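First up is the structure itself, then whatever we jot down about it.
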Ligand SMILES: Nc1ncnc2c1ncn2[C@@H]1O[C@H](COP(=O)(O)OP(=O)(O)O)[C@@H](O)[C@H]1O
Ligand SMILES: [Mg+2]
């Protein structure tokens, strides 16, 4: 029986940077070997328990499968990310991925974010020139009717910033900007952007790569 290490990724919140890294850098799961009835019967109770656990983990986490839609989306995302190297004084484009629920937007964007994280860290190193940790991706999940203050707070939550529970909208925004610049974030992924309340004048920030 395969003795693949059991990945302990069951308790992650991708809205925190350490957890995002754990997700991005975890090795791919290996499929447990298919056993015949006879082989299964020969396993001890303990080995059977371990085998069943590996199978449960494998089946619950299959994928992401490289469907044609996912491959096409990734190709577009790479094109856009790679042609987005304008200097900081110029506006950068943003990408909106729009589809019916359950079609795999979150899954494919996370898979892209994971590859992007790897490429940036491999090319530029784990630390910035200033000695800060490099976090190429900041991923924020929005929920019902998030305003700018909550969005900034969620960004600070991702970085574990100590000031995330206090401060005005502007202060939170400045700290969030500081985190993004210091850690050289290149991809801000806002999941379920439609929850961002657009009624306020200040809600015009766009996701940038
Ligand atoms: N390419 C894929 N390979 C494997 N599973 C997928 C893939 N795309 C979507 N899924 C599965 O479909 C379900 C819904 O996907 P999700 O990304 O949450 O959709 P959306 O964000 O568009 O609502 C999830 O359980 C996810 O694991
Ligand atoms: Mg989703």
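The values are calculated or read from the model by the stated rules, or taken from the named source; none is laboratory data. These numbers come from a predicted model, not from an experiment. All Cβ positions, even for glycine, are placed from backbone atoms using ideal geometry, and neighbour counts span all protein chains on display.
Restricting to the stretch 132-148, and then to whatever is surrounded by fewer than 17 Cβ atoms within 10 Å (Cβ to Cβ) and touching a helix residue (DSSP H, G or I) at 6+ places or on another chain (Cβ under 7 Å), can you tell me which residue is farthest from residue 190 (Cα to Cα)?
Across the stretch 132-148, the extreme among qualifying residues is 132.
Taking the stretch 107-130 only, how many residues are more than 28 Å from residue 69 (Cα to Cα) and without any contact (Cβ under 8 Å) to a residue 24 or more places away in the chain? Outline the logic, then answer.
At the first step, the residues of the stretch 107-130 found to be more than 28 Å from residue 69 (Cα to Cα) are 124-130.
Next, from what is left, pick out any that are without any contact (Cβ under 8 Å) to a residue 24 or more places away in the chain: 125-127, 129.
Adding up the residues that qualify gives 4.
Pick out the one residue from 76, 87 that is surrounded by fewer than 15 Cβ atoms within 10 Å (Cβ to Cβ) and either over 19 Å from the mean Cα position of the chain (by Cα) or not in a helix (DSSP H, G or I) (or both).
Just a single option satisfies the conditions, and that option is 87.
Residue check: is residue 129 in a loop (DSSP other than H, G, I, E, B), away from ligand 2 (no atom under 16 Å from the Cβ), assigned by TED's automatic domain parsing to the domain that holds residue 168 and modelled with pLDDT of 90 or more?
Working: in a loop (DSSP other than H, G, I, E, B): yes; away from ligand 2 (no atom under 16 Å from the Cβ): yes; assigned by TED's automatic domain parsing to the domain that holds residue 168: yes; modelled with pLDDT of 90 or more: yes.
It is true that residue 129 is in a loop (DSSP other than H, G, I, E, B), away from ligand 2 (no atom under 16 Å from the Cβ), assigned by TED's automatic domain parsing to the domain that holds residue 168 and modelled with pLDDT of 90 or more.
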